[in-house]
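FYI, it's all coordinate maths here, none of it is from the lab. Please read all numbers here as calculations on a predicted model, not as lab measurements. Please note: Cβ atoms are built from the backbone with ideal geometry, for glycine as well, and neighbour counts cover all protein chains shown.
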Protein chains: 2
Amino acid sequence: MGLPLMDSQPEVTKCGFSLNEHEKLSETASVLKDAAACSGIFLRGLPPNQDVLLTPPMTLFPVLLPEQPLQRILDLQTHINLLQHRIAHDKSFLVSTLQGAASVDPFTRNLLHIYQQVDVDDQLELGLIRSDYMLHQIDGKQRPFDITKSAEYSYKQVEVNMQCVGLAGLSAMVNGVHNQVLKFLDGKKVDRPHAIESLELYGGGLRLAYEAYLKEYSTQTGRPPVLLIVVHDGFEFNINDQRLIEFESKLPAIRRSFRQIGQNIRLDSRNRKLIVEEREVAVVYYRTGYAPSQYSEEDWDTRLMMEQSKAVKCPTVAHQLSGTKKMQQELARPGVLQQFIQDANVRRSLTETFVGQWDISKKEAEDVIQHALDNPDRYVLKPNREGGGNNHFRQELITKIKEVRGTPEAQNYILMELIRPPTQENYLVQPNREPEAAITVSEVGVFGAIVAKGAKILYNASGRDVLIRCKASNILEGGFASGNSCISSSCVV
Amino acid sequence: MGLPLMDSQPEVTKCGFSLNEHEKLSETASVLKDAAACSGIFLRGLPPNQDVLLTPPMTLFPVLLPEQPLQRILDLQTHINLLQHRIAHDKSFLVSTLQGAASVDPFTRNLLHIYQQVDVDDQLELGLIRSDYMLHQIDGKQRPFDITKSAEYSYKQVEVNMQCVGLAGLSAMVNGVHNQVLKFLDGKKVDRPHAIESLELYGGGLRLAYEAYLKEYSTQTGRPPVLLIVVHDGFEFNINDQRLIEFESKLPAIRRSFRQIGQNIRLDSRNRKLIVEEREVAVVYYRTGYAPSQYSEEDWDTRLMMEQSKAVKCPTVAHQLSGTKKMQQELARPGVLQQFIQDANVRRSLTETFVGQWDISKKEAEDVIQHALDNPDRYVLKPNREGGGNNHFRQELITKIKEVRGTPEAQNYILMELIRPPTQENYLVQPNREPEAAITVSEVGVFGAIVAKGAKILYNASGRDVLIRCKASNILEGGFASGNSCISSSCVV
């Protein structure tokens, strides 16, 4: 697959547009905000202000990405899709890897409990996946990005997201917005069309899953089966992204919370069809369910019933568990990858993206733990759970390690080498604030989609565009939802 | 030109979706609002809340339009473009028609003053035009729209807009939004692609004007000439529409107020090139300037300088004056149209769209004036100025006629028959309010574009999609800007 290489224009993020002039900067930021709104990029306000929209935090300019390392992680994504699917179906591997964490963490325990009540090989599954990476310089030092030294950079995996993967919709639009900004500044024209491929990948993935369901199970009488989007009970921060994917799928869809579903759900006893509000459900698309706080006790029963049904789940519990940090850590151990990936080249490429990862409950990690306590700024401590946030850095890392070390709790944590990506100058544009010049670092997300039934792979693909989130380099914890990250687009150099 | 005829689905605006259930209605309205925001439809908040966006007032369902009458006004638009251009260049006709109004109205006087200082035949002109119509039933009675009686309807012209024509951008997107709503409700699929033709017509019109300028005048050294968008000093209510057209034009553009332009404007004495902020201006696109309050005394000097330059104006003062109500009234007089339109069929079609119009300063209008005073609900009194608002209905009409009758002020007013369009049921969806069922009437806008230099017509075209504004039938004065109208899309039946 070829990269959508643009005219190189490294100067754009070097703020070479005399934006020191306050008025010019302000005018440029308003082009960005208007172009974003015109492209359908927005955040919806919290109730009771849900009719108020804001432009999400964005960078003023695209982020420069080095071509070769980027191409390598794009090429890896379909292999990662397969890998995640395979480990989700290797019951003994999955259970043994997670049982320690499950013994101390009720959330992992609940998911594993459902997993063990379902015949995972006899069900249609949809994976909408995103692998996150940060750029790493061979010597591990943090300094400004230098395009003349492309060969010295490689991408390191931060995590693989299997559940509630966000921003495939939003990310897709940001390119066009940055094009408007560059044009306004007489920047070199960026000859790339609106990159909506990840949006198509995700909307199309839902559609393929729906069609696979129709083919396999549906009797197609009366109203068509529905795509059930499972959402929070409360505020939907990211409704824009969710709706874009929903609309792109072109499927009849309803959005319901676990609680709403629980009030009107049943399994057809004859054929395990999932019926919600008297409508047959073809696909269940979770946009919640990755954190313990998102489930009441009844919601776990609801989830179990959905998992036991014939409806295609995105993701199944099996897929969801494959994205936990413990799995990532286990796969990084020598020899493990070999069980799942035959191709030695793919294994090598993938392994190159791994940073050091250790189970702090294990004896063999003692030396590394000591090194981390002495050099806390070179590590991050993560709980097993999927998704960003909840990580421990610096003093907090020391405190947490001391707290759990030697207790069963330690089994729930993974110690990882901290990636220190090169920096780039940019401007951060946020609602109700003046644009701010900043030294930034960025994270790159590669989108993947897979439809499968046990060993039978019906679809396996990756997006060509990537998600860029950008934050001030002095902020440790990124995350778009937490407000620390700005979305951006890429300029491949 | 063929109409984009849809699968007829009259039921959609008959609220046949059991939307009486409050939850279902609320869910449907949220699909509308999200789809609108995802399509890039928004209103920007007033400073200091300019970072806050809202969804504009919209109807929940498309408006039904009868095919034959609609086809007739679509077919007329290129002739109207030509007509407006021709009367703008018939100096004696234009001056004699407007001198009465100019004698009492400083605004018309100022425009006419500029008109007389410019060689209107020796300049490139761009007209971005919109003709507004309302449906009229032969017997003039107001009752619910009945698609089985298509033959009894015809469209009557409300006005021809020549300056700051809005909503070509927004209107274009509403179709897609209504498609999402109908799909959500399992409505019959509307097999019409996103209709962005009027947006293309306007963005493309600006581009053609720009290219005509380059071809005719530019020496093309250094930075490319710029598209200068002239905007309010204050709040831009309709920034969405303006930006969509700007972005669609793909031209290098700057947005400036009259005041800002006045601070840094000059005419190159050798060649009458317009220079603003040391950049050559190829096209001046007014999005303000249709009301007296929008000009300071200095702004009139700025406008004069722009009119005297070689830059293409949209519109020129000549085009602007051709859109005044006095011209419309004069054209409705027997025999007048003949001076400008040779084709008798076109003349007949156009005349059929005219309602009765009278100059209340003229003796021959006495009988009609008396009839209006006795039946004020059958007339509307309009000032000469272009644009909606400022009209007098009912008791206000009586008061105003009595006030100005017999004085020179009367020359500034036009008495028009009131069109009473058939009604349709719909829901009005407005920010921060529950959706409201309403008996509505609607106005249809047909977009046109013309590029010309004197008698030489370089481009003359019309849009295929139309603008629909919809309001509760018991509200007299519509207008999107005044908050009384909801934008909508059309369902041709």
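Key figures for this structure:
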item	result
Cα centroid separation - the range B:69-124 against the range B:243-288, whole Å	23
Estimated vicinal HN-Hα couplings, Hz - the range A:305-322 in sequence order (Karplus 6.51, -1.76, 1.60; Gly, Pro = x)	4, 5, 5, 7, 7, 7, 4, 6, 9, 10, x, 6, 4, 4, 4, 4, 5, 5
Percent RCO, i.e. relative contact order, over the range B:356-418, from Cα pairs under 8 Å lying at least 6 residues apart	50
Computed helical MRE - 222 nm, the protein assembly as shown, DSSP H runs ≥ 4 contributing -39500 (n - 2.57), nearest 500	-11000 deg cm²/dmol
Rounded to whole Hz, the Karplus (6.51, -1.76, 1.60) HN-Hα couplings of the range B:96-110, x for glycine and proline	5, 5, 9, 5, x, 4, 5, 5, 10, 10, x, 5, 4, 4, 4
Viscosity 0.692 mPa s, 37 °C: Kirkwood-radius Stokes-Einstein D of the protein assembly as shown over Cα pairs, µm²/s	105
Unit charges at the beta carbon, dipole of the protein assembly as shown: most positive-side option, A:L208, B:V355, B:S249	A:L208
Of every Cα-Cα pair in the range B:356-418, the percent that sits beyond 21 Å	9
Lysines whose Cα lies under 16 Å from that of B:K273, excluding same-chain neighbours fewer than 8 positions away	B:K215, B:K310, B:K313
Per-copy distances of the A:K149 label point, shortest first, in nm (7 angstrom along Cα→Cβ)	8.1
Stokes-Einstein D for the range A:21-161, Kirkwood Rh over Cα pairs, 10 °C, 1.306 mPa s (µm²/s)	79
Nearby lysines by direct alpha-carbon distance to B:K362 (threshold 30 angstrom, same-chain neighbours under 8 apart not counted)	B:K91, B:K141, B:K156, B:K325, B:K326, B:K382, B:K400, B:K402
At 7 Å out from Cα toward Cβ: B:G335 inter-copy label distances (nm, ascending)	10.7
Taking all pairs of distinct alpha-carbon atoms in chain A, Kirkwood radius in angstrom	23.4
For the range B:414-493, with +1 on Lys and Arg beta carbons and -1 on Asp and Glu, the positive-most of B:V493, B:V441, B:I457 along the dipole	B:I457
Inter-centroid distance (Cα atoms) of the range B:138-181 relative to the range A:349-390, Å	64
Per-copy distances of the A:G45 label point, shortest first, in nm (7 angstrom along Cα→Cβ)	0.6
Net charge of Cβ neighbours under 14 Å - reference B:N238; Lys, Arg +1; Asp, Glu -1	+2
